[in-house]
Every structure is written in C-alpha cells, then in structure tokens.
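What follows is a set of notes on a single structure, which appears directly below.
The values are calculated or read from the model by the stated rules, or taken from the named source; none is laboratory data. What you see is a predicted model; the values in this text were computed from it and never measured. Neighbour counts are summed over all protein chains in view; Cβ atoms, including those assigned to glycine, are modelled from backbone coordinates with ideal geometry.
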Amino acid sequence: MTRGFLQELVNILFGYISKTSQRSTKVLDFHHPHQLKEGLEGFSLDLSDQPETLEQILVDCRDTLKYGVSTGHPRFFNQLSSGLDVIGVAGEWLTSTANTNMFTYEVSPVFILMEEVLLRKMQSIVGWSDEEGDGLFCPGGTISNLYSILVARYHFYPEVKTKGMGALPRLALFTSEHSHYSVKKSAAVLGLGSENVVVVKCDERWVSSILSEPTLVLSLQGLVPFYVNATAGTTVYGAFDPLCAIADICDKHTLWMHVDAAWGGGLMMSDRHRMKLGAWSVTWNPHKMMGVPLQCSAILVRKRGLLQKCNELGAEYLFQRDKHYEVSYDTGDKSIQCGRHVDVFKFWLMWKAKGSEGFGSQVNKCLENAEYLYDQLQRRADFQLVFGHKPEHSNVCFWYIPPSLRGMPPGPERDSKLHQVAPRIKGRMMEKGSVLIGYQPLGTRVNFFRCVFSNPATQQEDIDFLLDEISCLGHD
Ligand code: ABU
C-alpha cells in the first residue's frame, strides 16, 4: 500500500514537474479566496471527522498543485525565489523522509556536518579565513538579518542577555531607505525600537556617499550607533550599496557592518559578478538566486563563537555536557529556535550535482537574461525603463505606457493615470494565467513593473512573450 501510494504520488509530482516546464501551460489557475473556500470540482479545504481514502488523498495532492502557482514555470517573474530544481526537490523529499531536527548531533549527525561544510564554503567565498566564521541556516532572510542585529548588540553589550535593554544606552542602527523592511522589523522585535533605525536617504538608486561622517554625527542626537546594514542587491532595484566605502566608515567608528546579501549573495558564485563584502556578518539566501527550494537562508558571522555565547542557555534535557561525543556539534543552542528544520540537505545535494561552477553559470545566465530584457525595453516605444543604465543584478524595472498616455506631458495627471496601469494589467494577467510579474510604487515613482530572473529555465523567448503579453493586456 505504501509503495503504491508513493508511486502514484511520484506520478503526480512528475506530471506537475514536466507540465511546469511546458510553455503552453498556465503559470497559475487563479481563483479568488472565496472560490477556493467554497470548494472546486471535488477539491475541498474542509477537514472531516472521518478519514479519507488514499485515492482521495492523491486527488487532494493533485488539486493542491493544480490551484497553486507554478513558481518553476519559465514565465514566472514575480518573486526573487523561483525555479524548480529536480535535485533540490529530491533533497527536500529525503529531508522529510528523515524527519529529524537540527538541534543536536545526536539526532542529526549527517545534517549537522553538512551545515558546517556549507557554512565553511560560503564563508570562504565571502573572503573569511579558516580561523574565522560561524553561522546558521535560518527560516528566511528576515530572521538572518535579525540574527545579525542580535549578535552585533551582544558583541558590544553582552550584558543585554541577562540585564535587558534597560542596562544599555539608547542604540541606533543605520540602513538605507531601499533596504529590506526586516531591519526595522528586527529593531522592533529586539526592543531597539523601529524609530531608532536611522534610514539613510539614497541617491538615484543607492546610498552612495550619503552615509558619511557628518550624517552619522548629525543624525545621532544622543543615540549610540552600533550597527550599519548595507545591502547587496536591494529587493526592488537590485542595487548595491557602496560596500567598501561603508566598510571604511564602520572600521573608523567601530560599527558592526552587516551586509544583507539575501538577494545579491548568489552573485558571489559567479567569477564575473563576485564582489568584496567587507562585512562582520552576511545574510545570504540560496533559495533566491541559487534556485534552492524554499527555504534556505544563512546568517554568516565573522567572529567564531559569538552566536553560541549570545544565544546559549544550555537546556540540560537537550544539550547535556556529558554526552559521549564532541558536544560542540550540538549546534542548536546557537539558535534562537529550539526545533530547527533541515534546510541544508537539498542545498548540499545541489552543490554536489552542479559544483560551484554550475551555480556560477546559472547566475550568469540570469544576469544575461536581465541584460536582454533591458536591451529590448530600450528598443520599444511602448515601454519606459525606470533607470537608463544597465542592471547591476537581475532586476529590471519599467513602466508600460499605454497608447492613451504616450503623447501626454509628464506631470501629476499622467502620473496618476500611469499609477493605475500596472495593477490593472497584473489583474488581467492573473485571470489569464499566462505569465506573472510583480509591480510596486517606490518613493516618488508611481507603480512600475519589476522583473527578476532567478529561474535558469527562462529563455529569451519568455522575455519576448512577457513584453508582448503586457502590451496586449494593457493596450486599451
Ligand atoms: N524578501 C523577500 C523576497 C520578496 C520578493 O520576492 O520580492
């Protein structure tokens, strides 16, 4: 029975995987929440008192995929994480089969060592020596960024762990206005206060020299700065803060420099695009640019042992010191969680299957796709680029200009009309299901599309399709 059930499930998964790669299939079969709640063609979300048959369970599995979104489809451009890597899927399946927990070596001997191997590899890629470096895989980039602030605060004020924030001066953090909102959220969660995050203005796209000493001095007003977040690959624009300049300022003022490379970290795999980070800690999400199935995010900390000291509580029911093996491999006490999902195996397996070079080629291809889109947008009169320069990452931002707005002079009236274009096209796109791309306003810029490439299955024909489809859906 188990074999037959799993074989049928494999058939369903295989059918889904092969359909996902076919361009003739939809990216999504959209239904409104009330429609899904009411139930569709035998697919019901309700839970009953009586067990369902295995046949029905298989139907439930098939329908769950049917009404979901094919994030591995070559025309899914909506999110930074996309793609469908078969080795990664195999890794995730094996992980659930093993069904264990990352807190102790006792129950996860192989996975704990795999985590160590992966972290060492990533640390050496960011440029740290064998003697330096520590880290953890975390549930997403926000939590990785939270860890960076947590360890930075502990590094400067270890008493916070026992005495709390009342024992500390009023601390300030710096981040750019285009950085991820997780910096402010973490400040709120950690009791630092989101108002004590100094949001540094960006020039056209990035921080540039605005993060200078006068800014530091002026903006402090009685606050004690301890931490700067620099971003390598902002979420919307894919822009890079001037990391070396920021590192110099942090060195001079003894500030903790964190680099949020959740999105840009993948570029470290490419000889063509690798950069110098100069950081004390780094967030790097392999589930984004490297195509590892969600979730897979790492916090890397340069100072070894800090995570352990900052977070350990040594619960004796779990982290007994008198075990018969080397207990430093019970890495769970470094974490703020107790139970921790195994996020490393699929990543390790993909690295085995591709090698570092394979990841590098994958990243290069995504950046080539971005350049192709940028070139096409420059040629077309029905689109307008948000920036006139080549993309630094795989983000390309643009407006579709419908015929009715093409002759209109710039100004509030045109802006207000243009603001409505992207959401309207996106709504039609979701109903049709042919392609999926995100949009947002940012600062003074009205709603524009953001196209991102992280799926190695995407080809130039998909980019041509995207532009033609937007033009077709927005023509009136
Ligand atoms: N920071 C989460 C990623 C958001 C996005 O895919 O656009």
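Below, the figures for the structure above:
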read-out	value
Out of GLY438, GLY427, GLY443, sole residue that is surrounded by fewer than 20 Cβ atoms within 10 Å (Cβ to Cβ), in contact with a Lys or Arg (Cβ under 7 Å, 6 or more places away or on another chain) and either of a type in the set (Ser, Thr, Tyr) or not assigned by TED's automatic domain parsing to the domain that holds CYS202 (or both)	GLY438
Segment 437-455, subset of a type in the set (S, T, N, Q) and within 11 Å of the ligand (Cβ to nearest atom), residue farthest from SER416 (Cα to Cα)	SER454
Boolean, VAL327 is β-branched (Val, Ile, Thr) and either outside the structural domain of ALA230 (by TED's automatic domain parsing) or more than 16 Å from the ligand (Cβ to nearest atom) (or both)	yes
Enumeration of residues in segment 406-440 that are of a type in the set (Ser, Thr, Tyr) and touching a residue at least 40 places away in the same chain (Cβ under 8 Å)	SER434
Residue in segment 362-377 that is within 16 Å of the ligand (Cβ to nearest atom) and buried (at least 20 other Cβ atoms within 10 Å of the Cβ) present	yes
Selected residue (only one of TRP263, TRP256 is within 19 Å of the chain's Cα centre (by Cα), buried (at least 20 other Cβ atoms within 10 Å of the Cβ) and among the aromatic types (Phe, Trp, Tyr))	TRP263
Some residue of segment 248-268 being at positive phi and within 16 Å of the ligand (Cβ to nearest atom)	no
Looking only at segment 173-193, and only at residues there that are surrounded by 15 or more Cβ atoms within 10 Å (Cβ to Cβ) and farther than 27 Å from LEU313 by Cα, the one that is nearest to the ligand (Cβ to nearest atom)	HIS180
Neighbours by Cβ (under 7 Å, 6+ apart or cross-chain): first from segment 175-187, modelled with pLDDT under 95; second crowded, with 21+ Cβ neighbours inside 10 Å and small (Gly, Ala, Ser)	HIS178/ALA239
Helices (runs of 4 or more DSSP H) contained in segment 17-118 and holding at least 3 residues aliphatic (A, V, I, L, M) and outside the structural domain of ALA315 (by TED's automatic domain parsing)	54-66, 86-98
Flag if GLY360 is part of a loop (DSSP other than H, G, I, E, B) and either free of Cβ contacts under 8 Å to residues at least 12 places away in the same chain or closer than 28 Å to GLY264 by Cα (or both)	no
Failed item, numbered, when ASP476 is tested on (1) more than 16 Å from the ligand (Cβ to nearest atom); (2) assigned to a loop (DSSP other than H, G, I, E, B); (3) within 16 Å of GLN376 (Cα to Cα)	(3)
Given (1) of a type in the set (A, V, I, L, M); (2) assigned to a strand (DSSP E or B); (3) more than 16 Å from the ligand (Cβ to nearest atom), index of the condition MET408 fails	(2)
Filter result for the condition that a residue is in contact with a strand residue (DSSP E or B) (Cβ under 8 Å, 6 or more places away or on another chain) and away from the ligand (no atom under 16 Å from the Cβ), over GLY133, GLY140	GLY133
Among (1) more than 23 Å from HIS31 (Cβ to Cβ); (2) outside any helix (DSSP H, G or I), the one test that ASP464 misses	(2)
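For every residue, the table says whether it meets (1) in contact (Cβ under 8 Å) with a residue 12 or more places away in the chain; (2) surrounded by fewer than 19 Cβ atoms within 10 Å (Cβ to Cβ).
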position	(1), (2)
ASP46	no, yes
GLU52	no, yes
GLU55	no, yes
GLY72	yes, no
SER82	yes, no
TYR105	yes, no
LEU113	yes, yes
SER129	no, yes
CYS138	yes, no
